[in-house]
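Novice: Before I ask anything, here is the structure I am working with.
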Amino acid sequence: MTHHRRRPLTHRIRPATQQDAPALAGVQRASWQAAFRGLLPDEYLDGLDHEALTKTWEGLLTRFGGPRAGTLIAEQADHVVGYSRFYPTDDEDDDSTQVGMIGSLYTPPDVWGTGVGKGLITAVLDAMTAAGYAEATLWVLEGNTRARAFYERNGWHHDGAVVVDRSDVLPITKLRYRKNLNR
């Protein structure tokens, strides 16, 4: 399936609030079901429950915030069309005072290729720079060539770190990408 470049969308980016939890759950479900089809089991993806995801988001939005962590959302006409979360890295080989991690960056497939993802990654990197991080990292599924190409186009590189995550469904190989924030 080929995705053609779409007309850029007008969107705004703002910090997420508790009221955004249901919309964040909807974006997560739609984006995961599209982006991870063929990489994660269909049963897992088809079983993603909006209510359970909303509760998870309510918890995340309560626990993660402040100057060194946060969740940003992209909106178009008051409709959430993407999000990204960042926080101090939890990777043991990095210094969490210097390295921030992007824990997620997702948009639903109907806005892929419209600039929403680029706007989100720019905004989250600006927030991380303002929070005092010198570098940013993120983990991406090895088989997610679309996401890897997006990050590489935006100046990220695989730093050699690889992990096999066995926590959820099946062993999943993830690669760590890194970007210097050039303060």
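The values are calculated or read from the model by the stated rules, or taken from the named source; none is laboratory data. What you see is a predicted model, and the numbers here were worked out from it, not measured in a lab. Using ideal geometry, Cβ is built from the backbone for each residue, glycine included, and neighbour counts are taken over all protein chains shown.
Novice: Tell me, which helices (runs of 4 or more DSSP H) wholly within segment 1-101 include 3 or more residues that are hydroxyl-bearing (S, T, Y)?
Specialist: Passing ranges, in order: 50-63.
Novice: Let me ask something additional. Could you list, in sequence order, the residues of segment 121-152 that are surrounded by fewer than 19 Cβ atoms within 10 Å (Cβ to Cβ) and small (G, A, S)?
Specialist: Answer for segment 121-152, where residues must be surrounded by fewer than 19 Cβ atoms within 10 Å (Cβ to Cβ) and small (G, A, S): A123, A130, A131, G132, A134, G143, A147, A149.
Novice: Determine, yes or no, whether S104 is outside any loop (DSSP other than H, G, I, E, B) and touching a Lys or Arg at 6+ places or on another chain (Cβ under 6 Å).
Specialist: yes
Residues are listed down the side, and each one gets a yes or a no for (1) under 14 Å from the mean Cα position of the chain (by Cα); (2) over 22 Å from R14 (Cα atoms); (3) at pLDDT below 95:
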site: L125; (1), (2), (3): yes, no, no
site: A130; (1), (2), (3): no, no, yes
site: A134; (1), (2), (3): no, yes, no
site: L138; (1), (2), (3): yes, no, no
site: E142; (1), (2), (3): no, yes, yes
site: R146; (1), (2), (3): yes, yes, yes
site: R153; (1), (2), (3): no, yes, yes
site: H157; (1), (2), (3): no, yes, no
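Novice: Related question: With (1) surrounded by fewer than 18 Cβ atoms within 10 Å (Cβ to Cβ); (2) in contact with a strand residue (DSSP E or B) (Cβ under 6 Å, 6 or more places away or on another chain); (3) not in a helix (DSSP H, G or I) as the list, and L175 as the residue in question, which single condition is left unmet?
Specialist: (1)
Novice: State all residues of segment 134-180 that are touching a residue at least 60 places away in the same chain (Cβ under 8 Å) and touching a helix residue (DSSP H, G or I) at 6+ places or on another chain (Cβ under 9 Å); if no residue qualifies, say none.
Specialist: Correct list: L141, N144, R146, A147, D168, V169, L170.
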